[in-house]
Structures are given as C-alpha cells and as structure tokens.
Amino acid sequence: MKKLALASILLALVVIVLGAYTRLTDAGLGCPDWPGCYGLVGVPMTTETIEAANQAFPERPVEVEKAWNEMIHRYFASTLGLFILIIAGLSIFKRKATEPLKLPLFLLILVCFQGALGMWTVTLNLLPAVVMMHLLGGFTVISCLFLLYLRLTPYQLPMGNGNMRKYAKYASLGIVLLVIQIALGGWVSANYASLACTELPICQGNWTDNLAFEGAFSIPQAENYEFGAHPYYERMTMHIVHRFGAIVVSAYLIWLAFVLYTKANSNLLKKLGGTIVVVLFVQIALGVSNVVYSLPLTVATLHNAVAACLLLVMVMTTYTLYRKV
Ligand code: HEM
C-alpha cells in the first residue's frame with residue numbers, strides 16, 4: 001500500500017502539471033464534451049472523423065494538438081483515479097490494524113468529485129470558479145496522498161522535542177494561508193489576468209486609483225469564459241491581490257521556518273525549516289519570472305508544480321509537529 005501511495009503521489013504531480021499545461025496552452029476546451037473527445041475515446045485524427053466532429057460541434061472545430069493536451073490529462077487523471085480506487089479497496093479488505101481506513105475512503109470520494117469538477121470545467125465553458133476549484137481539488141488530492149504516505153511510514157517525532165508541538169497550530173495556519181494564496185493564483189490564471197500587471201513590484205501606472213475588488217471576485221455573466229470575461233481593472237486587481245498575498249505568505253512562512261530552524265533540536269524539523277525557505281524562494285523567483293518574461297509556458301507550469309511541492313513540505317511539517325510517536 002505504501003508503494004502504491006508513493007506511485008500515486010508521483011502520478012498526481014504529473015496530473016497537476018498536465019492540468020496546468022492544458023490550461024496554459026488554452027486547451028481546456030480542446031475537447032468540447034466529456035468524458036470522450038468529440039464522442040471518441042481518442043482524438044479525431046482522420047479526415048472522416050474530423051469532419052464528423054466538426055459537424056457535431058460546429059462552434060468548436062477540431063484542433064488536434066489542443067485535443068491531445070486535454071485527453072492526455074484525462075488519461076493520466078483516470079489512471080490516478082484507478083490507483084486511488086485500488087488503495088481504497090486494499091484498505092477495506094487487506095488493511096493491517098495500524099493502517100488508516102478513513103483517509104483512503106475520503107481520497108476516493110475526493111477523486112470522484114475532482115472528476116466531476118473536470119467535467120464541469122468543460123461543460124460550463126471554463127467557469128472560473130470551477131477551474132479554480134479543480135486546481136484546488138488536485139492540490140487536495142496530492143496532499144491527502146502524501147499524508148497517507150506519511151501515516152504509513154514509521155518515523156519517530158518530534159524526537160523528544162515535545163516543546164515544538166505548540167508550533168503545530170502555527171504550521172496549520174501556514175497551510176491555510178498557503179491554500180488561500182494558491183486559490184488566488186488559480187483565480188488569476190482562470191481569469192486570464194496573468195499579464196494584467198507587467199511591472200514590479202506591484203503594478204504599472206496609478207493602480208491604487210483603479211482597484212476594483214467587488215468585480216474582481218465576482219463572476220460576470222458570459223456564454224464562454226475562455227480568455228476571460230472580466231474588464232481590465234478587475235483583472236489588474238486580482239493580479240495585485242495575488243502579489244500582496246505572496247508578501248503575507250512569504251513573511252509568515254519565513255518566520256515559521258526561522259522558528260523551526262532555531263528552536264527545534266530535531267534534525268528533521270531543522271531540515272524542514274530550511275526546505276520551506278528554499279522552495280518558497282524558488283516559487284517567488286518563478287512568479288517574478290512569469291511577470292518579467294510575460295508568462296513563458298515552462299515557467300508558468302513550474303510555478304504551479306512548485307506551489308504543489310511547497311504545500312507538501314507544509315503538510316509534512318505540520319504532520320511532523322502533530323505526530324505523537
Ligand atoms: C508563496 C508564493 C506564491 C504561491 C504559492 C503562488 C501560487 C500560484 C498558483 C498555484 C498559481 C496558479 C497557477 C496555474 O493555474 O497554473 C499562480 C499563478 C500566478 N502567479 Fe503565483 N504564487 C506565488 C507567488 C507569486 C509571485 C511573487 C508572483 C509575481 C510577482 C506570482 C505571479 C503569478 C502569476 C503571474 C500567475 C498566473 C500564471 C498563470 O496564468 O498560470 N506568484 N501562483
């Protein structure tokens with residue numbers, strides 16, 4: 001079960017990266033139906049199948065490359081679903097007394113819901129709230145898988161360092177802040193607001209006069225949300241909020257890492273403190289590069305993957321601080 005959990009974590013990371021790649025190559029509607037693509041298990045490739053697909057979906061003619069991006073994401077996501085089903089099955093029928101049961105079952109429900117969010121992403125034409133929740137769902141799945149892996153791993157902590165346990169609630173708060181920041185990033189991405197601010201550190205021009213919070217966090221009426229439906233100042237506002245969020249989260253995580261590094265006498269906790277800072281700085285550098293180099297595909301995809309890694313480091317830190325034996 002532990003090996004399967006580890007394989008599922010790696011697979012979940014691949015699915016997250018493929019999801020970001022699909023979103024960033026504007027391939028979210030590469031297949032306008034679900035679960036098939038223009039009604040097929042694969043992508044229409046021959047003249048006949050393409051003609052039939054174009055007749056069935058005249059509003060969205062086939063673009064083979066985008067369709068493949070979307071379908072490859074779906075194949076990997078379905079395999080992940082299968083892995084989680086097997087984990088849940090094993091934990092019901094072959095579980096050792098010490099192994100968790102509720103977590104695998106929760107994961108199974110979660111991955112089904114995540115599949116439904118994937119379907120609504122397509123059927124609701126990239127409705128930003130659904131796209132953002134789909135991103136958060138992916139991050140929740142990988143976090144729960146990682147938690148399962150940690151629970152299956154015997155390691156003793158905080159190694160006589162009970163005085164550190166009081167910081168567990170601060171680490172939990174770190175996770176909450178980080179998840180909010182990830183949701184804000186997802187909101188920027190889902191609303192195509194990535195290039196709304198092209199200057200550092202905050203935004204170009206007299207941005208303070210044009211903030212539009214209410215509009216930025218509501219959803220305008222639209223038939224289709226591909227390429228965004230918000231006016232410019234609302235996109236600018238969401239982008240700015242993500243940047244301020246980065247400042248708050250970074251300050252908090254650096255403080256937490258500093259406490260772990262200086263106060264813990266467990267090597268693992270010290271290492272976790274150091275890892276938080278390193279991963280955080282990589283993430284900030286990628287965010288800044290997104291702005292400076294106008295959203296290169298690799299950088300934007302990595303900004304998503306490293307956000308997932310930062311979350312996993314925080315999950316491990318928090319779990320380590322809470323764990324009794
Ligand atoms: C703790 C720090 C940060 C975290 C956890 C974080 C996380 C995220 C996440 C999860 C996304 C969504 C990616 C996607 O949908 O594929 C995102 C998008 C974005 N972030 Fe950050 N971010 C951080 C800091 C920054 C900073 C400092 C900047 C710039 C100065 C930045 C700029 C952006 C931009 C431009 C996008 C939109 C990219 C896109 O359309 O995919 N981020 N962020």
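We did not get these values from a lab; they are worked out from the coordinates using the rules stated. No experiment lies behind these values; they were computed from the predicted model shown. Cβ placement follows ideal geometry from the backbone for every residue including glycine, while neighbour counts extend to all protein chains displayed.
Computed values, structure above
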read-out: Taking Tyr322, Tyr21 and counting other C-beta atoms within 10 Å, the order from fewest to most; value: Tyr322, Tyr21
read-out: Dimensionless Rg/Rh of the stretch 167-249 - Kirkwood Rh, Rg from C-alpha atoms; value: 1.03
read-out: Residue order, fewest to most beta carbons within 10 Å, for Thr22, Thr153, Thr121; value: Thr153, Thr22, Thr121
read-out: Flagged links, alpha-carbon separation over 30 Å, of Lys3/Lys66; Lys169/Lys271; Lys3/Lys270; value: Lys3/Lys66
read-out: Relative contact order for the stretch 175-234, counting Cα pairs under 8 Å that sit 6 or more residues apart, in percent; value: 37 percent
read-out: Against the rule of thumb 2.2 N^0.38 Å, how large the Cα Rg of the chain comes out; value: 1.07
read-out: Which of Ser294, Ser289 has the fewest Cβ neighbours within 10 Å, and the rest in rising order; value: Ser294, Ser289
read-out: Span-like helix ranges in the chain, DSSP H, alpha carbon extent 18 angstrom or more, Kyte mean at least -0.5; value: 2-24, 64-93, 102-123, 128-151, 168-190, 232-263, 267-292, 297-322
read-out: Pairs of alpha carbons in the stretch 158-325 whose separation is greater than 27 Å (percent); value: 34 percent
read-out: Whole-angstrom gap from the stretch 289-325 to the stretch 39-60, using each part's C-alpha centre; value: 38 Å
read-out: Free-standing Cys residues across the chain, given no other cysteine C-beta under 4.7 angstrom; value: Cys112, Cys144, Cys309
read-out: Sparse-neighbour loop sites [trypsin sites (Lys or Arg not before Pro); the stretch 90-136; at most 14 other C-beta within 10 Å; DSSP]; value: Lys94, Arg95, Lys96
read-out: Helix-only mean residue ellipticity at 222 nm for the chain, each DSSP H run of n ≥ 4 adding -39500 (n - 2.57), per residue, nearest 500; value: -23500 deg cm²/dmol
read-out: The stretch 233-295: chymotrypsin sites (Phe, Trp or Tyr not before Pro) in DSSP loop, at most 15 other beta carbons within 10 Å; value: Tyr293
read-out: Qualifying chymotrypsin sites (Phe, Trp or Tyr not before Pro) in the stretch 92-169, DSSP loop, other Cβ atoms within 10 Å at most 13; value: Tyr155
